[in-house]
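Input: a single structure, listed below in structure tokens.
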Amino acid sequence: MGMEHADYSRWCNLQACARIETYIKTIQYCKDSEAFTPEFLSDLLVSLYDCVECIRANYYYEESSNIRQSETQAVLNMAVMMPEYRKAGEWLEEALTDTEMLLGGLLEEDGVLVEKDVHYHIGVLSKFYDAYQIVAANNKQNLLPADYFERLKKGVLFVRDVMYPDYSMEDFNDTRSSSWTQNVLRKNFGMSAEMCPDDQTLQWF
């Protein structure tokens, strides 16, 4: 099939996800600017609302997809960070339900990503960790499943087990191991060590 016939619609929601992630962060840097007028803020808030509703109206069709996880993360971010919206409670309930669904749908019983790809595996774990960070920073961590970290632990240990002692790994499937440098992996192991404080090998890495 030629590129002119490729269906890119399945990735379109990622643009809305990226806008939400970017706008929420940049508001803090720009809010004291003279150009940050009430009119501009109004337009921005409407745009953010539209992004969330666009995502919700067009969720990715596969419920065990990292694309669906990105969509759910964006909705969760908006629900937690912008509780002033009238639909924030609805967004939060939906995002939390989807987060639990994705936890079971993306990771096999042994903790390995269903796509069998270390690159995406690490990214998926990172997003689950980010979801925890967002809710914990806003005193809502009790809304996550009680066994949230325990369910992620197998996935964390899988990364440890497929990595060589020099922090290198095979290009299994679409892993693109060159992007997972020692510095990047060590940063991720810092996240993993927080999730699994009793695992001495993760603390060492």
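So here's what we get for this one:
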item: Whether the stretch 1-110 is rounded, prolate or oblate, judged on the alpha carbon gyration tensor where a/c under 1.5 counts as rounded; result: oblate
item: Inter-site label distance for Lys116 and Asp199 at 7 Å from Cα along Cβ, in nm; result: 2.2
item: Inverse of mean 1/r across different Cα pairs in the stretch 87-147, Kirkwood, Å; result: 12.5
item: Inter-label distance, nm, simple model (7 Å from Cα along the C-beta direction), Ile67/Glu108; result: 2.3
item: Convex hull (Cα only) mean projected area of the stretch 69-112, reported in nm² to one decimal; result: 3.0
item: Solvent exposure of the chain as accessible area per residue, Å², 1.4 Å probe; result: 57
item: The stretch 100-205: equivalent-ellipsoid semi-axes (sqrt of 5 x gyration tensor eigenvalues, Cα, Å); result: 23, 16, 12
item: Gain in span if fully extended, Lys140 to Gln182, counting 0.36 nm per residue against the direct Cα distance; result: 11.8 nm
item: Label assignment, semi-axes √(5λ) of the Cα gyration tensor in Å derived from the structure, set [x] 27, 19, 17; [y] 31, 21, 18; [z] 47, 24, 13; result: [y]
item: Helical contribution to [θ] at 222 nm, DSSP H n ≥ 4, -39,500 (n - 2.57), averaged over the chain, rounded to 500; result: -20500 deg cm²/dmol
item: Pairwise label distance in nanometres, Glu150 with Arg86, each label 7 Å out on the Cα-Cβ vector; result: 4.1
item: Whole-percent carbon and sulfur share, accessible surface of the stretch 73-205, 1.4 Å; result: 49
item: Net lengthening on full extension, Glu53/Val162 (0.36 nm per residue, minus Cα-Cα); result: 35.3 nm
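The values are calculated or read from the model by the stated rules, or taken from the named source; none is laboratory data. Everything numeric here is computed off the predicted structure, so don't read it as measured data. As a convention, Cβ positions derive from the backbone with ideal geometry for all residues, glycine included, and neighbour counts pool all protein chains shown. The accessibility values were calculated without ligands, DNA or RNA, using every heavy atom of the protein model including side chains. Shrake-Rupley method; radii C 1.70, N 1.55, O 1.52, S 1.80 Å.
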